[in-house]
Amino acid sequence: MSEVPYTVALMPILLLIRHATNDFVKTGRLPGQGPNLHLNEEGRKQAEALAKMLEKRPITAIYSSHLERAIETAWRVAGPRGLALQIRPGLADTDAGDYTGRLIKELAEGEDTRETWKAIVETPLVGRFPNGESPLDMQHRVVAELERIVAAFPDPEPPPDNAPKDESPALRPLRQAQEPAQGPALPDPPKADPVPPPVVAVVAHNSVVQAALAHFLGMPFENYERLGASPASVSTVFVSAKRTMVMAVNQTAPA
């Protein structure tokens, strides 16, 4: 990759983080947007290991879902850096409506729920939680929120015409020979060091990370749950107006 010949501020690298674990995960129930689901001891250790794994990343902003399990994870990354958490309800887990807190096994087997549950799981483009949202609605909500976050870090304006440009060393003698003699040659102007893109952490939920990755990868949405997002995992996405690159998926701190 060629050097950037002028100082710029690039659109961000997104760290898509799933919150750490909690006791509710082990109950086999659907959390949805249920409140008061806090990290357990294992989850707190996972979040602290996550913060240590990210300590050398130059994170400039941290956004979080408004749900406690996400906030408690994000706080452990933000606290040591002195960064304020920016709460975004648009990053919340899928609104499971009437199914919030229900046993997944019962939803899959119940006479009055199994067809709806099957549609949600097997055809997320059309399935919908009663009095909640569809998985596709969730993806649209999450992508819109991420677009608002990315918009806070715009691509740079193009350099002015008189900005210093890269020049091949092989061509420099030819240029100098063609220029009229005007006394001793002046040194070339110094190049500005390129500014690396800002790194922005986004702490959310399993299905939120999966849906965001499916969007950035251009995957058919019906396959979004094939993407892994373990508790306290990080998936890295470079975003710009010209291209998007998924750089890593489901990275976790060493045990």
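No value in this document is a laboratory result; all are computed from the given coordinates. Given the structure is predicted, the values throughout are model-derived calculations rather than measurements. Ideal geometry is used to build each Cβ from the backbone, glycine not excepted, and the neighbour counts take in all protein chains shown.
In this calculation the C-beta distance from residue 223 to residue 111 is compared with R0 = 22 Å, giving a FRET efficiency of 0.15. Exposure proxy shown here: for 52, 26, 242, the number of other Cβ atoms within 10 Å sets the order, fewest to most, as 242, 26, 52.
Residues of region 212-255 with an amide N closer than 14 Å to a point placed 7 Å from the Cα of residue 55 along the Cα-to-Cβ direction: 254.
Lys and Arg at +1, Asp and Glu at -1: add these up for the other residues within a Cβ distance under 11 Å of residue 205 and post the number. Please list the in-between numbers first.
Numbers: positive: 18, 69; negative: 93.
Computed value for this residue: +1.
Extending 7 Å from Cα along the Cβ direction at residue 242 and again at residue 103 yields two label points whose distance is 5.6 nm. The Cα atoms of region 1-120 give a gyration tensor whose axes a ≥ b ≥ c have a/c of 1.5 or more with a/b greater than b/c, which makes the shape prolate.
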